[in-house]
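Contents: one structure, followed by commentary.
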Amino acid sequence: MVKLQLSSLDELFRKITEFGKLYLPVDTEEGARYLPYAEGLTLSRATNTTRSAKDFFFPQVENIVNFKVDGKKIEIEDIREELEDFVIFGVRACDIASFEVLDRVYLTMPPVDTFYKNRRDHATIVSLACENPQETCFCSVFNGVDAANPKGDVSAWIKDDFIYFNANTEKGNAFVDKIGSLTSDSDESEVNAAKDALKSKLEKLPIKDIKLDKISGRGLMENFNSSVWSTMYESCLGCGTCTFVCPTCQCFDVREFDTGHGIQRFRCWDSCMYKDFTKMAAGNNRMSQKERFRQRFMHKLVYYPENNEGIYMCVGCGRCLKSCPINMNIVKVAKALGGEN
């Protein structure tokens, strides 16, 4: 473990840009968001960014192939290219946990998504332990997320006038070596007080005790046919906001755009909450808002964990709690489905 004075952060950021593009969370009028580092930008200490770090690996819109058309002749243009190395600095533990969910979707089941893999291979992720979790946070409920010990290639903690770094992977070791001229040696005992202080705050959060045992203990069809769906869906607007701020949602559509001299095929985020999601010539297999509402939360709480060693498709970041216009979210659904008031 090594440490650096907080007053030297700008020097650190300039050093990082010598071996890769750097992105860090910055406070803006719309909330904290990741921006490419430039002189004068300051690291945000906000609990979470408005949009998750998922965007770096699964962007909202991306071209996947081009077709050049000349009469009846069609030429396929492979637009994939190697990326330059880049560093994402200050990723919170919940967003780090979301990468495991996305990796299982895009990397473990063939065919591997080469666009996603290319970005993951070139990224070094520096996590940052939380300092002041919000009342909407509930990361400890799912998948053993520990906000005091975030994963990533490098884990970081801020305590008093220092920031501490601990490498977890080969990429992390390379990162720590490259910034070595700016740091001094430390050990874990120096950050234990910061960890204990955060754990004390986490214990006081109002929604840290969501129970999932009844949900996981039931059969799939019992959860599917639960009476809670008939009432909970009624206030849902089907706006899709929850899916667009969620760090683990990965649904997309593939569309084509006629440029006048060829075709661009691209993929873009989609939402299971939309009535035209997976719509085919024969119609849509989920005709009602109730069915679409149920699909979203069954996927998060039942379908995905049943097929992925009990890992839930939620990391407790709380973004859906803050963004839903009618105050409907996975916490309310999990409590209702689990029989809690």
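Quick check on this structure: which one of Tyr312, Tyr303 is surrounded by fewer than 17 Cβ atoms within 10 Å (Cβ to Cβ), under 27 Å from Met221 (Cβ atoms), of a type in the set (Phe, Trp, Tyr) and within 20 Å of the chain's Cα centre (by Cα)?
Of the residues listed, the single one that is surrounded by fewer than 17 Cβ atoms within 10 Å (Cβ to Cβ), under 27 Å from Met221 (Cβ atoms), of a type in the set (Phe, Trp, Tyr) and within 20 Å of the chain's Cα centre (by Cα) is Tyr303.
Could you tell me which numbered condition Asp95 fails, if it satisfies all but one of (1) assigned to a loop (DSSP other than H, G, I, E, B); (2) of a type in the set (Asp, Glu); (3) crowded, with 20+ Cβ neighbours inside 10 Å?
Every condition holds for Asp95 apart from (1).
Tell me which residues, restricted to region 54-74, are within 20 Å of Ile125 (Cα to Cα) and either touching a Ser or Thr at 6+ places or on another chain (Cβ under 8 Å) or of a type in the set (Phe, Trp, Tyr) (or both).
Result: Lys54, Phe56, Phe57, Phe58.
Restricting attention to region 288-341, which residues are out of contact with any Phe, Trp or Tyr (no Cβ under 9 Å at 6 or more places or on another chain), closer than 17 Å to Val245 by Cα and in a loop (DSSP other than H, G, I, E, B)?
Cys324, Pro325, Ile326, Asn327, Asn329
What's the total number of residues in region 225-243 that are in a helix (DSSP H, G or I) and either modelled with pLDDT under 90 or loosely packed, with under 14 Cβ neighbours inside 10 Å (or both)?
Residues flagged as in a helix (DSSP H, G or I) and either modelled with pLDDT under 90 or loosely packed, with under 14 Cβ neighbours inside 10 Å (or both) within region 225-243 amount to 4.
When you go through Ile74, Ile16 one by one, which is the residue that is modelled with pLDDT under 95 and either out of contact with any helix residue (DSSP H, G or I) (no Cβ under 9 Å at 6 or more places or on another chain) or of a type in the set (A, V, I, L, M, F, W, C) (or both)?
Ile74
Go through Ser181, Ser227 for me and flag whichever is in contact (Cβ under 8 Å) with a residue 60 or more places away in the chain and out of contact with any Leu (no Cβ under 7 Å at 6 or more places or on another chain).
Answer to the check: Ser181.
Restricting to region 237-253, what's the tally of residues that are under 23 Å from Ser98 (Cα atoms) and among the aliphatic types (A, V, I, L, M)?
So the answer is 1.
Enumerate the pairs (first residue in region 103-127 and outside the structural domain of Phe57 (by TED's automatic domain parsing); second residue anywhere and surrounded by 14 or more Cβ atoms within 10 Å (Cβ to Cβ) and in a helix (DSSP H, G or I)) with beta-carbon separation below 8 Å, excluding pairs fewer than 6 apart on the same chain, so at least 6 apart or on different chains.
From region 103-127, no pairs qualify.
Return the only residue of Ala46, Ala53 being in contact with a helix residue (DSSP H, G or I) (Cβ under 7 Å, 6 or more places away or on another chain), in the same structural domain as Ala156 (by TED's automatic domain parsing), closer than 16 Å to Ala129 by Cα and not basic (Lys, Arg).
Ala53
Based on this model, can you work out whether Ser200 counts as closer than 25 Å to Ala93 by Cα, of a type in the set (S, T, N, Q) and surrounded by fewer than 18 Cβ atoms within 10 Å (Cβ to Cβ)?
Spelling it out, Ser200 is indeed closer than 25 Å to Ala93 by Cα, of a type in the set (S, T, N, Q) and surrounded by fewer than 18 Cβ atoms within 10 Å (Cβ to Cβ).
Search region 131-158 for residues that are outside the structural domain of Asp95 (by TED's automatic domain parsing) and surrounded by fewer than 23 Cβ atoms within 10 Å (Cβ to Cβ) and pair each with any residue that is modelled with pLDDT of 95 or more and not in a loop (DSSP other than H, G, I, E, B) when their beta-carbon atoms are under 7 Å apart and the residues are at least 6 apart or on different chains.
Qualifying pairs under 7 Å: none.
Could you check how many residues of region 188-242 are over 20 Å from Leu301 (Cα atoms) and of a type in the set (A, V, I, L, M, F, W, C)?
Of the residues in region 188-242, 9 are over 20 Å from Leu301 (Cα atoms) and of a type in the set (A, V, I, L, M, F, W, C).
Is it true that Ile74 is loosely packed, with under 15 Cβ neighbours inside 10 Å, free of Cβ contacts under 8 Å to residues at least 40 places away in the same chain, β-branched (Val, Ile, Thr) and not in a loop (DSSP other than H, G, I, E, B)?
Yes, satisfied.
The values are calculated or read from the model by the stated rules, or taken from the named source; none is laboratory data. In this text the structure is predicted, and so the values were computed from the model without any measurement. We place every Cβ from the backbone using ideal geometry, glycine too, and count neighbours over all the protein chains shown.
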